[in-house]
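Reading through the structure tokens given below for one structure.
Just so it is clear, none of the values below were taken in a lab; they were calculated from the coordinates. Bear in mind the structure is a predicted one, so any value in this text is a computation, not a measurement. Every residue, glycine as well, gets a Cβ built from its backbone with ideal geometry; the counts of neighbours run over all protein chains shown.
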């Protein structure tokens, strides 16, 4: 009897760890941050972390949709850089109104996403190759139109996004990140579009046989990802007061990492907006811990790589447990 109870407890505890591993990791990192530095939970530090990772949050939401269909988007970091350059260019050089410059930037992001989506969904090219090409194109255009130098954001335009506060102390950038998470959570949970995106990643053949226009849905997620990347570029430009062609380098890997750490399956069909946000927070805390310990940036990338591997291994273990009915 006692042996059966112990076995049952171990199985239950194991299920709990597997089910809530993302949240457990987040809680553990928070404890580590507090133990390393009592200044971690200061208002200024929390605000700074929120501002720094708002753009990654938005990009990760778009990346999540692509991953849910079984695809991948390597272009988001470069589209982000181009977005920042475009909005700065139209505000600074062409004196376009702020809403106009923002709209043009979003259209550019949507256009690049549509191009990638067309090649993936209609032409049936591999997402990796397509988005790698778009990544190169977007980064090259960003350097061309900026002549390789940052373009200053004029005062009185979008810089209020980067420095502004709402509701008596909440940074505007953080609010935008929260809105993005809520929108994508609602999209995936309560709309037919979101459910079909998940279904396509789970079993594309079955969805196709049901008469659903799979190609349109697959193309649309790349458009949304492009829009998110352009918005992230605008947010970063507003925070740094310039549009630079070098920003966003490695953001595509961070976005993929956030999704995978949050439980998204790279084969598609599984993922959550809320857990992806937790993935972003985990990356933010890892970066914060490394900064508190004065660790250079390169070892941080090594640690991120190992965390991604561990997350994928955990997904495999979870999948095996489900298949075995454990």
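Quick notes on this one:
- Among the listed values (i) 50; (ii) 59; (iii) 37, the one matching percent of Cα pairs over 30 Å apart as calculated from this structure is (iii).
- Note on residue 17/residue 190: beta-carbon distance plugged into 1/(1 + (r/R0)^6) with R0 of 25 Å gives a FRET efficiency of 0.25.
- The range 63-167: C-alpha pair distances exceeding 23 Å, %: 35
- Helical contribution to [θ] at 222 nm, DSSP H n ≥ 4, -39,500 (n - 2.57), averaged over the chain, rounded to 500: -25000 deg cm²/dmol
- Here the Debye sum runs over all C-alpha atoms of the range 217-312 as equal scatterers in vacuum, and log10 of I(q)/I(0) at q = 0.20, 0.21, 0.22 Å⁻¹ comes out as -1.17, -1.23, -1.29.
- Residue order, fewest to most surrounding Cβ atoms within 10 angstrom, among 303, 227: 303, 227
- For the chain, a Gaussian network of Cα nodes joined below 10 Å ranks 46, 234, 59 by mean-square fluctuation, and the top entry is 46.
- Proxy reagent accessibility, fewest Cβ within 10 Å first, across 20, 53, 298: 298, 20, 53
- Computed over the range 185-238, the range of Cα coordinates on each principal axis works out to 46, 21, 14 Å, biggest value leading.
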